[in-house]
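Notes follow once the structure below has been shown.
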Amino acid sequence: MIKFFRKFRLKLLSENKFSKYLIYAIGEIILVVIGILIALQINNWNERKKNTKKEYYLLQQLQKEFEKDSSHIETQAWLTNLKMQDGKRIRLFLEGKDNLRADSLVSLLFYNSKALLFNSSTPTYDEIISSGNLSLIKSENLKTKISNYKSSIRAANSFLFTEAHKHKEKYNAHLYKYFDAEIMAHLWKNYNRENRIISNKDLEHFKTDIEGFKNDSNSKYHVSTLIGVDAELNFQYSERINMRISEILDDIRLELKKFEN
């Protein structure tokens with residue numbers, strides 16, 4: 001075909017039909033340009049198709065990861081609320097309004113000292129950012145919400161980690177005046193949600209000065225401080241963070257529905 005067109009051009013030149021040759025040459029250039037544009041259009045169409053498939057996959061992965069975050073934050077909210085209620089029972093005991101058994105009291109005292117911080121796990125989003133593929137997700141609203149969510153987690157954890165651990169250290173330092181620190185290791189070694197109480201038999205192996213702790217005026221202060229920390233954590237988890245996750249999941253589901261049409 002190329003040989004035929006070349007012969008045709010040469011024939012036009014040899015016959016001194018330059019104007020026809022020029023028209024033909026321009027037409028040939030136009031055909032080449034059109035061919036290139038069609039090829040580029042096909043290539044762009046294929047790229048869009050690939051990117052659409054990638055976006056669909058990424059949205060599915062993000063949905064799974066944020067659903068896990070949602071489940072995790074609900075657990076953290078439940079645990080911080082449980083700790084908060086435990087702290088209130090300890091405070092009632094210190095005020096002489098609750099007759100806690102020794103084994104129950106010691107268990108609550110040590111569980112109350114643990115800070116429960118939330119760590120978001122969204123490897124797909126982290127990979128999108130590190131690889132520079134954020135543009136694959138078309139929804140600007142969704143990208144903004146996820147970015148704000150990650151920023152709020154970092155900011156909250158930075159503050160809460162500092163505050164929670166500062167008060168935890170003070171609480172533990174006070175607690176260890178009256179109880180052996182080794183009780184903590186024993187409790188967590190044998191921990192389960194159904195049975196969170198150390199036995200009286202096990203307590204015999206540790207120092208436990210319950211009356212000394214009860215009569216120390218600083219005990220109520222430290223317990224109340226941790227109740228406040230847990231109340232703040234519970235609010236962050238059950239209200240602010242959980243609400244952000246719910247909004248993100250709503251947006252992801254909305255974007256996924258677009259692929260059904």
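The values are calculated or read from the model by the stated rules, or taken from the named source; none is laboratory data. Just so it is clear, the model here is predicted, and its values are computed rather than measured. Counting neighbours? That spans all protein chains shown, and the Cβs are built from the backbone with ideal geometry, glycine included.
Please work out which residue is farthest from ILE137 (Cα to Cα), limiting yourself to the range 202-261 and to residues that are among the aliphatic types (A, V, I, L, M) and touching a Lys or Arg at 6+ places or on another chain (Cβ under 7 Å). Top of the filtered list is VAL223. Within the range 34-64, track down each residue that is over 22 Å from LEU249 (Cβ atoms) and either surrounded by 13 or more Cβ atoms within 10 Å (Cβ to Cβ) or among the aromatic types (Phe, Trp, Tyr) (or both). Passing the criteria: TRP45, ASN51.
For the range 197-243, filtering for residues that are over 30 Å from SER152 (Cβ atoms) and modelled with pLDDT of 90 or more leaves 13. One residue stands out in the range 15-70 among those that are farther than 30 Å from ILE245 by Cβ and of a type in the set (Gly, Ala, Ser): the one that is modelled with the highest pLDDT, namely GLY35. Taken over the range 97-112, the residue count meeting the criterion of being surrounded by fewer than 18 Cβ atoms within 10 Å (Cβ to Cβ) and in a loop (DSSP other than H, G, I, E, B) is 5.
Could you check how many residues of the range 46-74 are within 14 Å of the chain's Cα centre (by Cα) and of a type outside the set (D, E, K, R)? Of the residues in that region, 8 qualify.
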